[in-house]
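*Asks:* Let me give you the structure first, and then I'll get to my questions.
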Amino acid sequence: MFIFRFLGNLVRAVWYGLDTIRRVLHLILLVGIFVFLLAGAVGQTVAVPSSAALVINPTGTLVEQLEGSPLDRAIANLSSQPAPETLLRDVTDSLDRAVDDKRIKAVYLDLDGLSGGGLAKLQAIGSRIDKVRAAGKKVIAFGSGYTRDQYFLAARADQVILHDLGLVYLEGYEYYRTFFRDALENLKIDVNVFRVGEYKSFVEPYIRDDMSAEDRQASQIWLGGLWTDWRQAVATARNLQPDAVQAYADGMATRMEAAGGNAGRAALKAGLVDKLMSRPQVNAYMTGLIGKAADDGSFSAIDFRSYARVTGVEQRLGKVQKHNVAIIVASGQIVDGEAAPGSVGGDTLAAEIRTARLDDSIDAVVLRIDSPGGSMFASEVIYDEIQALKAAGKPVVASMSSVAASGGYFIAMPADEIWASDATITGSIGVGALFPTAQRTLEKLGIHVDGFGTTALAGQLRLDRALGSEARRVLTASVNDAYRIFVSKVADSRNMTYEQADAIARGRVWIGSDALERHLIDKVGGLDDAVASAARLAGLEAGTYGQYYMEPDLPLFQRLAVGVGAAAVRLAGRMGLGSVIDSAITMINGSGSGLARDVMQRAQAELAVLSRFNDPRNMYLHCLCVVD
């Protein structure tokens with residue numbers, strides 16, 4: 001026995017030594033590559049032209065935090081496919097800086113690639129467009145066509161130009177979900193559900209084949225509120241009546257028939273656009289307004305990503321602050337443990353908050369939330385860390401983006417103040433638990449389970465056996481207690497009685513304006529308002545503090561590896577390897593019909609939520625309130 005232990009220890013020691021040598025050699029190699037790439041990058045910096053239009057051309061979905069690492073995104077960018085996400089602050093920062101930048105003569109909105117991102121985020125960009133116009137700079141929008149979210153931004157422009165073969169398709173908001181009860185029954189899978197709150201609907205796709213009356217009733221209110229806010233904002237921007245916008249959406253087919261099938265003329269007659277132009281005509285128009293680019297026949301321009309990057313460097317070089325407000329982003333589904341950007345790992349976010357607490361240069365924190373919730377345990381871990389931050393004397397302000405519901409609201413509660421957009425989806429104060437079992441599936445396959453245990457609970461939480469009665473009672477009691485904890489914390493943090501908090505809970509979803517009336521939030525405003533308020537609570541005067549986004553801390557080796565890897569991939573892209581990546585993507589995705597892909601993607605998106613449920617007690621604060 002001794003000799004086996006000795007050999008085992010020897011093998012582990014040798015392996016540790018070799019692994020250490022491997023890591024050191026990799027580090028040396030990475031440093032060498034980094035120096036090489038840095039040298040190759042010299043002279044490739046982007047400059048802002050002396051006279052240019054700032055091009056706002058977001059692609060994919062607007063997000064508060066990009067998913068994955070810089071290396072993941074660099075690899076994805078090798079493809080000629082548009083980026084699936086656009087960081088909101090890249091857009092808002094570029095517009096903020098353009099207001100006083102004499103080099104930027106106008107803003108050009110190219111919104112064809114934008115697929116959405118939530119009304120609150122669109123409002124944040126819209127308010128910046130208004131500031132640019134107030135500074136006397138023209139804002140021109142041109143689109144091959146406009147969908148709902150694209151048009152919300154385009155409507156803020158001085159001129160809305162539509163391609164002469166384009167259309168304005170204002171489909172309104174929809175709230176459809178995929179239900180799996182029959183499919184699960186066909187697979188002989190039992191999903192045991194426990195919930196408190198008749199409006200807590202996130203469990204319904206697994207136990208129903210249609211929407212419950214309670215969910216339909218509540219959702220009609222908040223979805224209707226979003227549409228009302230959208231119509232009012234667009235009508236005000238275009239000097240129209242909200243009823244006119246509704247009439248256009250409801251009667252688009254009739255309007256097109258009256259225009260001989262020409263959607264562009266129908267939109268022009270309705271006052272939604274100002275001109276119909278081809279792309280060469282728009283380019284000529286912008287060239288006359290801004291001037292011609294030196295290298296080709298297009299107008300002088302810089303895209304917002306390049307502009308944000310260049311001006312961001314300029315600002316960092318020009319300002320170093322001793323006092324700061326840190327912005328910590330909680331974006332995505334809340335999961336237990338560690339998580340990459342795009343999800344909210346309880347331990348990951350707690351570590352960021354802890355870092356802010358221990359950093360003497362940080363005087364206050366703004367927690368920017370864009371999350372429908374998730375794991376209750378992870379939410380509690382984050383909640384406790386915020387409490388510790390406040391106990392250290394540092395103010396905390398919660399700033400809600402498009403969605404801060406259920407667990408997203410839970411982590412906002414301990415803040416000194418809660419700010420939200422009037423269109424933020426919030427509330428959904430309720431609890432649910434899911435425990436699937438597959439014993440019927442196994443029995444169908446001829447697989448049987450038999451045995452015994454030493455206690456009443458033994459074997460009652462096995463996936464291959466029906467959920468036991470004792471375990472069912474335990475889970476029921478746990479869910480009821482979790483709901484009591486949630487509502488009690490709402491009552492304590494919002495200065496309500498338990499009965500008052502319970503009356504606006506029960507899983508009910510509210511939009512920001514309704515949440516303000518019910519005292520679930522303190523004020524309506526954007527991220528800038530929240531930052532200014534956090535600074536005020538910390539006793540900092542305007543102009544005496546900086547603000548910056550905190551990112552999850554990585555060890556030096558990992559930061560170097562990710563940075564060098566991303567640089568190497570970008571270099572590969574400049575060498576023309578993107579076509580190889582495109583071919584690989586085509587092979588992986590196949591050539592199935594668009595309809596089949598769309599159906600599968602929607603089903604996968606719904607099931608992906610379930611796949612990320614990893615709460616150690618199977619207890620979830622989650623809301624299915626993200627709209628299409």
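*Asks:* Please state which of the following conditions Arg536 fails to meet, knowing it meets all the rest: (1) modelled with pLDDT of 95 or more; (2) over 26 Å from the mean Cα position of the chain (by Cα); (3) over 16 Å from Pro395 (Cβ atoms).
*Replies:* (3)
*Asks:* Within segment 142-184, which residues are in a loop (DSSP other than H, G, I, E, B), open to solvent by less than 30 Å² (accessible area, probe 1.4 Å) and either touching a residue at least 60 places away in the same chain (Cβ under 8 Å) or of a type outside the set (A, V, I, L, M, F, W, C) (or both)?
*Replies:* Answer for segment 142-184, where residues must be in a loop (DSSP other than H, G, I, E, B), open to solvent by less than 30 Å² (accessible area, probe 1.4 Å) and either touching a residue at least 60 places away in the same chain (Cβ under 8 Å) or of a type outside the set (A, V, I, L, M, F, W, C) (or both): Gly145, Ala155, Gly166, Leu170, Gly172, Tyr175, Phe180.
*Asks:* I'd like to verify a number: residues in segment 116-141 that are outside any helix (DSSP H, G or I), under 25 Å from Asn283 (Cβ atoms) and open to solvent by 20 Å² or more (accessible area, probe 1.4 Å), how many?
*Replies:* 4
*Asks:* Only one of these conditions is not met by Gly373: (1) in contact with a Cys (Cβ under 9 Å, 6 or more places away or on another chain); (2) free of Cβ contacts under 8 Å to residues at least 24 places away in the same chain. Which number is it?
*Replies:* (2)
*Asks:* Give just the number: which of (1) open to solvent by 10 Å² or more (accessible area, probe 1.4 Å); (2) under 21 Å from Val627 (Cα atoms); (3) assigned to a strand (DSSP E or B) does Met400 not satisfy?
*Replies:* (1)
*Asks:* Quick one: would you say Gly374 is closer than 25 Å to Pro205 by Cβ and either of a type in the set (S, T, N, Q) or touching a helix residue (DSSP H, G or I) at 6+ places or on another chain (Cβ under 7 Å) (or both)?
*Replies:* It is true that Gly374 is closer than 25 Å to Pro205 by Cβ and either of a type in the set (S, T, N, Q) or touching a helix residue (DSSP H, G or I) at 6+ places or on another chain (Cβ under 7 Å) (or both).
*Asks:* While we're on this one: Being closer than 13 Å to Ile386 by Cα, open to solvent by less than 10 Å² (accessible area, probe 1.4 Å) and not in a loop (DSSP other than H, G, I, E, B) is the filter here; which residues of segment 410-421 pass it?
*Replies:* Within segment 410-421, just Phe410 meets the criteria.
*Asks:* What single numbered condition from (1) open to solvent by less than 20 Å² (accessible area, probe 1.4 Å); (2) modelled with pLDDT of 95 or more; (3) touching a helix residue (DSSP H, G or I) at 6+ places or on another chain (Cβ under 8 Å); (4) not basic (Lys, Arg) fails to hold for Asp229?
*Replies:* The one condition Asp229 does not meet is (1).
Listed here are the residues, each with its yes/no results for (1) part of a strand (DSSP E or B); (2) within 23 Å of Val132 (Cα to Cα); (3) at pLDDT below 95; (4) hydroxyl-bearing (Ser, Thr, Tyr).
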position: Arg265; (1), (2), (3), (4): no, no, no, no
position: Gln281; (1), (2), (3), (4): no, no, no, no
position: Ala294; (1), (2), (3), (4): no, no, yes, no
position: Ser306; (1), (2), (3), (4): no, yes, yes, yes
position: Arg309; (1), (2), (3), (4): no, yes, yes, no
position: Lys322; (1), (2), (3), (4): no, no, yes, no
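*Asks:* Going by what's in this entry, would Ala392 be described as buried (at least 24 other Cβ atoms within 10 Å of the Cβ) and either in contact with a Leu (Cβ under 6 Å, 6 or more places away or on another chain) or not hydroxyl-bearing (Ser, Thr, Tyr) (or both)?
*Replies:* no
*Asks:* In addition: Go through segment 194-205 and give me each residue that's crowded, with 17+ Cβ neighbours inside 10 Å and more than 23 Å from the chain's Cα centre (by Cα).
*Replies:* Phe194, Arg195, Val196, Gly197, Tyr199, Glu204
*Asks:* Let me ask something else about it. Hey, can you tell me all the residues within segment 232-263 that are closer than 24 Å to Val55 by Cα and not in a helix (DSSP H, G or I)?
*Replies:* Arg238
*Asks:* Starting from residues that are farther than 23 Å from Ile140 by Cα and open to solvent by less than 30 Å² (accessible area, probe 1.4 Å), keep the ones in segment 250-287 and report whichever is farthest from the chain's Cα centre (by Cα).
*Replies:* Ala259
*Asks:* Continuing with this model, one more query. Are any residues in segment 212-225 aliphatic (A, V, I, L, M) and over 25 Å from the mean Cα position of the chain (by Cα), and if so, which ones?
*Replies:* Ala213
One line per residue, one yes/no per condition, for (1) closer than 26 Å to Pro372 by Cα; (2) of a type in the set (A, V, I, L, M, F, W, C):
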{"position": "Val203", "(1), (2)": "yes, yes"}
{"position": "Met211", "(1), (2)": "yes, yes"}
{"position": "Glu214", "(1), (2)": "yes, no"}
{"position": "Leu223", "(1), (2)": "yes, yes"}
{"position": "Ala233", "(1), (2)": "yes, yes"}
{"position": "Ala244", "(1), (2)": "no, yes"}
{"position": "Ala249", "(1), (2)": "no, yes"}
{"position": "Met252", "(1), (2)": "no, yes"}
{"position": "Gly260", "(1), (2)": "no, no"}
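*Asks:* Being touching a Gly at 6+ places or on another chain (Cβ under 7 Å), open to solvent by less than 10 Å² (accessible area, probe 1.4 Å) and either of a type in the set (S, T, N, Q) or assigned to a helix (DSSP H, G or I) (or both) is the requirement here; does Ile382 meet it?
*Replies:* Spelling it out, Ile382 is indeed touching a Gly at 6+ places or on another chain (Cβ under 7 Å), open to solvent by less than 10 Å² (accessible area, probe 1.4 Å) and either of a type in the set (S, T, N, Q) or assigned to a helix (DSSP H, G or I) (or both).
*Asks:* Do any residues in segment 186-203 that are in contact (Cβ under 8 Å) with a residue 60 or more places away in the chain have Cβ atoms under 6 Å from those of residues that are acidic (Asp, Glu) and surrounded by fewer than 19 Cβ atoms within 10 Å (Cβ to Cβ), where the two are at least six apart or on different chains, and which pairs are they?
*Replies:* Glu198/Glu214; Tyr199/Glu214
*Asks:* Right, next: Looking only at segment 488-522, which residues are within 22 Å of the chain's Cα centre (by Cα) and either part of a strand (DSSP E or B) or surrounded by fewer than 17 Cβ atoms within 10 Å (Cβ to Cβ) (or both)?
*Replies:* Val509, Trp510, Ile511
*Asks:* Across segment 352-371, which residue is nearest to Ser201 (Cα to Cα) among those that are in contact with an Asp or Glu (Cβ under 7 Å, 6 or more places away or on another chain) and not in a strand (DSSP E or B)?
*Replies:* So the residue we want is Ile353.
*Asks:* For Asp464, indicate whether it is open to solvent by less than 70 Å² (accessible area, probe 1.4 Å), modelled with pLDDT under 95 and either assigned to a helix (DSSP H, G or I) or in contact with a Ser or Thr (Cβ under 8 Å, 6 or more places away or on another chain) (or both).
*Replies:* Yes, satisfied.
*Asks:* Out of everything in segment 442-461 that is assigned to a loop (DSSP other than H, G, I, E, B) and among the hydrophobic types (A, V, I, L, M, F, W, C), what residue ends up being least open to solvent (accessible area, probe 1.4 Å)?
*Replies:* Ala458
*Asks:* List, please: which pairs have Cβ atoms under 7 Å, are six or more places apart or on different chains, and start with a residue in segment 332-361 that is basic (Lys, Arg) and end with one that is part of a loop (DSSP other than H, G, I, E, B)?
*Replies:* Listed pairs, sorted by first residue: Arg357/Ala392; Arg357/Lys394.
*Asks:* Go through Arg231, Arg279 for me and flag whichever is among the basic types (Lys, Arg) and in contact with a Pro (Cβ under 9 Å, 6 or more places away or on another chain).
*Replies:* Exactly one residue qualifies, and that residue is Arg231.
*Asks:* Oh, and also: Write out, first by first residue and then by second, each pair whose Cβ atoms fall under 8 Å of each other, whose residues are 6+ apart or on separate chains, and whose first residue, in segment 47-70, is under 15 Å from Ser306 (Cα atoms) and among the small types (Gly, Ala, Ser) while the second is open to solvent by less than 20 Å² (accessible area, probe 1.4 Å) and assigned to a strand (DSSP E or B).
*Replies:* Taking only residues 6 or more apart or on different chains, the pairs are Ala52/Ile104; Ala52/Ile302; Ala53/Ile104; Ala53/Ala106; Ala53/Val107; Ala53/Ile140; Ala53/Ile302.
The values are calculated or read from the model by the stated rules, or taken from the named source; none is laboratory data. The model shown is predicted, which means the values in this text are computed figures rather than measured ones. As a convention, Cβ positions derive from the backbone with ideal geometry for all residues, glycine included, and neighbour counts pool all protein chains shown. The area values use the complete protein model at the heavy-atom level, side chains included, leaving out ligands, DNA and RNA. Shrake-Rupley method; radii C 1.70, N 1.55, O 1.52, S 1.80 Å.
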